[in-house]
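Any read-out appearing in this document is the output of simple, stated calculations on the displayed coordinates, not a laboratory observation. These numbers come from a predicted model, not from an experiment. All Cβ positions, even for glycine, are placed from backbone atoms using ideal geometry, and neighbour counts span all protein chains on display.
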Ligand code: SF4
């Protein structure tokens, strides 16, 4: 089950091995402390190495006979290292956190241009060069062990051995709709319908669906618009607090969570006439974090649902998709908690969908903070992707094979296998928006929403 246990990729950080290593390190700390020899700083590097080798997927908890959730242990280890000042600076993590923590629209725009638009383009150029010259071949064939950090040159090759996605929208969803002001709550509804017609839902887009892959947030809104819902968005750019918590910055995660909960109580008080009974998310880690927000105390009687579950309940279904076959990658942090995820996807796309197992290797910021570990995790996923795509093409099918998912980070991770498995990665709700609303769905939705479809309420 464990994402970081792939022996043939030299990755032997199984939960059991990590539990043993952590226990031995604790024994070493105790021994050195009690015998007053002075705690060896080297142990902190080893401790950090164990903590780095975990995608915090929590898949070890069910099979574990002694109920150890090594995902939680890894987070605790990261916190301990940070508090003691022993966490090593990582430029990849620092850049990602800066982007996620930013709330000012100008800063977000600037960082997005530098990191995502220019950074991804440069990475793809480097990938093409490395692929043509064969630099990445050895790494991809058999990833080297990752005990301790590899040299910089090797890390750079790990970082470019699979391409970052192209075609990421340049502007955020909020910028496109002109709702970046954090003093107003936008309510989006079809102006052609009566104002009190249609269920009101609160949609928390999170960073991945709003500032990174804004097509996901827009497709979610467009489909809510299509089914006649009134969509209430939070005021301004907000992160849920999950990335900070899982990276070992519990204090920052708690600060963000508390600030958001206070803000949402104010939103609920202002909009109590709307009777919001459903909170929608489009990201698995947002769902995991929002489950801790006690939303039933913010919007009494409400439930948390993933957009795909909501659309299934509303009877949205694609009928007769020709020329495309689908795989589904269920994220380690699946946002679908009310219904079985694969059943939801099959119901929505109206045909059989095969499951593509294993972690995609992106795991939030893992691919930029530890690209060497990510290469090893991707090694296993690549096998799964090739096998899944080959099975769908087994009868001579020559159309598109798409791998659908429901997590922005996985969308990025899966898009990196396009050259290996000949697949295209997409979000379920984006695929549905394309098929139901037409290829121009995004421009049409932005035009409709900005033509009198957005009410702005001061909060
Ligand atoms: S949380 Fe996931 S990656 Fe971490 S030890 Fe458990 S199964 Fe492995």
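Values as computed for the structure displayed
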quantity	calculated
Whole-number percent relative contact order across the chain, with pairs defined as alpha carbons under 8 Å at least 6 apart	18
Residues 357, 190 arranged by fewest to most Cβ contacts within 10 Å	357, 190
Per-peptide average of other Cβ atoms within 10 Å, ordering 228-241, 36-49 highest first	228-241, 36-49
Projected-area mean, region 283-424, by convex hull of Cα positions, square nanometres	9.4
Cα→Cβ-extended label distance, 7 Å offset, between residue 34 and residue 395, nm	6.7
Region 91-160: C-alpha pair distances exceeding 13 Å, %	72
Fully extended contour minus Cα-Cα distance, from residue 419 to residue 103, at 0.36 nm per residue	110.2 nm
Rounded to whole Å, sorted largest first: equivalent-ellipsoid semi-axes of region 303-359, Cα gyration tensor	19, 17, 7
Linear extension gain, residue 137 paired with residue 197, 0.36 nm per residue minus alpha-carbon span	15.8 nm
Cut-off 14 Å, label 7 Å out along Cα→Cβ of residue 17, residues of region 48-81 by amide N	49-55
Proxy reagent accessibility, fewest Cβ within 10 Å first, across 2, 283, 407, 302	302, 2, 407, 283
Estimated FRET transfer efficiency (residue 266, residue 1; beta-carbon r; R0 45 Å; 0.05)	0.60
Computed [θ] at 222 nm, helices only, for the chain once each DSSP H run of length n ≥ 4 contributes -39500 (n - 2.57)	-14000 deg cm²/dmol
Kirkwood Rh in Å, taken over region 129-265 so that all alpha-carbon pairs contribute	18.5
Among beta bridges that DSSP assigns inside region 173-314, antiparallel share in %, nearest 5	15
Region 1-68 - Rg and Dmax from Cα coordinates, angstrom	14.0, 41
Nearest 10 degrees, 0 to 90: helix 70-83 Cα axis against the chain principal axis	80
Degrees, to the nearest 10: 441-450 long Cα axis against longest axis of the chain	60
The chain: angle of helix 15-34 to the longest principal axis, Cα-based, in degrees nearest 10	60
Rh by Kirkwood over Cα pairs, then Stokes-Einstein D for region 213-356 at 1.567 mPa s and 4 °C, µm²/s	78
Beta bridges per DSSP with both ends in the chain, % antiparallel, nearest 5	30
Compactness relative to 2.2 N^0.38 Å, alpha carbon Rg of the chain	1.00
Cα Rg, Dmax, region 1-152, angstrom units	19.1, 56
Estimated inter-spin distance, residue 319 and residue 183, nm [label 7 Å along Cα→Cβ]	5.0
Computed FRET value (nearest 0.05) for residue 80 with residue 447, which takes r as the C-beta separation and R₀ as 35 Å	0.10
Per-residue Cβ neighbour rank within 10 angstrom, fewest leading, 59, 112	59, 112
